[in-house]
Amino acid sequence: VQLQASGGGLVQAGDSLRLSCAASGRTDSTHMMGWFRQAPGKEREFAAAIDRRSGRTYYADSVKGRFTISRDNAKNTMYLRMNSLKPEDTAAYYCAAGSGILSSIRSPGMYKYWGQGTQVTVSS
């Protein structure tokens, strides 16, 4: 599975962005897709995930209510709509795909495939 993330940029606090993650290859080998982010000097952290089969979504508390994850299975593409962006949302955002148990979906270790990061910078 190959993942290509795009859509990052430099925005002001309160603005919105939509990230995209295009998947190719054996996408049917995984059922979870997620977005993680990593700020300089910090560990990679979970932001959101979606079950490709059911559409059920999961969010980190820090983004709940502001970010929306979605997928278009026909296009093999996942999206992250980010509203009301804050300076603390500044990070490299990575998309990932994998399979595992529900209790592991917030762990980077559950995801076997990763895209390159796309930088999101939010100025105050």
With Rh as the Kirkwood radius over Cα pairs, the chain has Rg/Rh of 0.94
Can you tell me the alpha carbon radius of gyration of segment 13-59 divided by the globular rule-of-thumb value 2.2 N^0.38 Å?
1.38
How many percent of DSSP beta bridges within the chain run antiparallel, rounded to 5?
90
Percent of Cα pairs exceeding the 17 Å cut-off, where the set is segment 48-88:
31
Residues in segment 19-35 that a label on N73 would reach, taking backbone N under 18 Å of a point 7 Å out along Cα→Cβ
21-34
Normalised by the number of residues in the chain, what is the relative contact order in percent for Cα pairs under 8 Å and 6+ residues apart?
36
If R0 is 22 Å, what FRET efficiency do you get for L10 and E43 from their C-beta distance, rounded to 0.05?
0.40
So the pair-distance distribution of segment 80-124, from every Cα-Cα distance in 10 Å bins, comes to percents of 24, 40, 31, 5
Ignoring ligands, DNA and RNA, what accessible area per residue does the chain give at 1.4 Å, in Å²?
51
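The values are calculated or read from the model by the stated rules, or taken from the named source; none is laboratory data. Source: prediction; values computed, not measured. For neighbour counting, all protein chains shown are included, and Cβ atoms are generated from backbone atoms with ideal geometry for every residue, glycine included. Heads up: the accessible areas ignore ligands, DNA and RNA and are worked out on the full protein's heavy atoms, side chains in. Shrake-Rupley method; radii C 1.70, N 1.55, O 1.52, S 1.80 Å.
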